[in-house]
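Derivation of every value follows stated rules applied to the coordinates shown; laboratory data play no part. As the structure is a computational prediction, the values presented were derived from the model and not from experiment. Here Cβ is always computed from backbone atoms with ideal geometry, including for glycine, and neighbour counts include all displayed protein chains.
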Amino acid sequence: MKKFLLLVAFASTVSFVQAQDNQKGAQTFGVSFYLNDFATASRIRTTSLNTVIAEKTFSRVVEMSAGLAVNYAKQIRPNTSFAASLGISGMRYPMTGRVINNSRSLLEFSAALNFMMTTDEYYVQPYLTLGVGGHRYGPHYGAFIPAGLGLKLNIFSEANLFITSNYRVPVTNETASYHFQHMIGVAAPLGKKK
């Protein structure tokens, strides 16, 4: 079922992007720092979101694994942008039925659509994000669907500061796990806005 949902999400993303009216928008390139949070997702799935909030058992930063990413974004409509991210982190990735003793590099890629609440004429742009992604951890490959919230701050039309938090739902249950990813980064325009 999850593989079907991944296929539908990917097909919808591709058809949505291709159906645009060829409106050229701003492109940005940036770098970001992120934290992968497996513990909070596990606690929510084991108990409930209400329990985690009531008992304040959210993960501490030391329980999360840090990583760095390069980011690309392109405005495809006034309230919609395409975003891609390629990140790397070192960690012990939790996989169902496997014991992981050593840290390895986790290489992950995601492509998403960001649905902005305001246009880029505003300094503050909250948005919803939905996409598809995949990762490689040692000899293992996995796929996931990232969905979440973000906030983009336009800094004098010269740069953007973005903060995104998404929940990553595994499509390949054997090699991917539920987790949150919290990202903060800066991006600068490529060329001039058209």
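Observations, loosely collected:
- Net charge dipole size for region 46-164 [Lys, Arg +1 and Asp, Glu -1 on Cβ; Debye, nearest 20]: 400 debye
- The phi-based Karplus calculation (6.51 cos²θ - 1.76 cosθ + 1.60; θ = phi - 60°) puts the 3J(HN,Hα) values of region 31-39 at 10, 8, 10, 9, 10, 9, 10, 8, 5 Hz, whole numbers, x for Gly and Pro.
- Two-site label geometry, Leu49 and Val124: point separation in nm, points 7 Å out along Cα→Cβ: 2.3 nm
- The slack in the chain from Ser105 to Asn173, taken as 0.36 nm per residue of separation less the alpha-carbon distance, amounts to 22.5 nm.
- Across the alpha-carbon set of region 16-159, the Rg to Rh ratio works out to 1.01, Rh being the Kirkwood radius.
- Peptides ranked, highest mean first, by Cβ atoms within 10 Å: ranges 146-154, 59-67: 146-154, 59-67
- Karplus-derived 3J(HN,Hα), 6.51/-1.76/1.60, for each residue of region 152-167, Hz, glycine and proline x: 10, 10, 7, 9, 6, 6, 9, 7, 10, 10, 10, 10, 9, 10, 9, 9
- Under 5 Å, built H, 5+ apart or other chain: amide partners of Asp120: none
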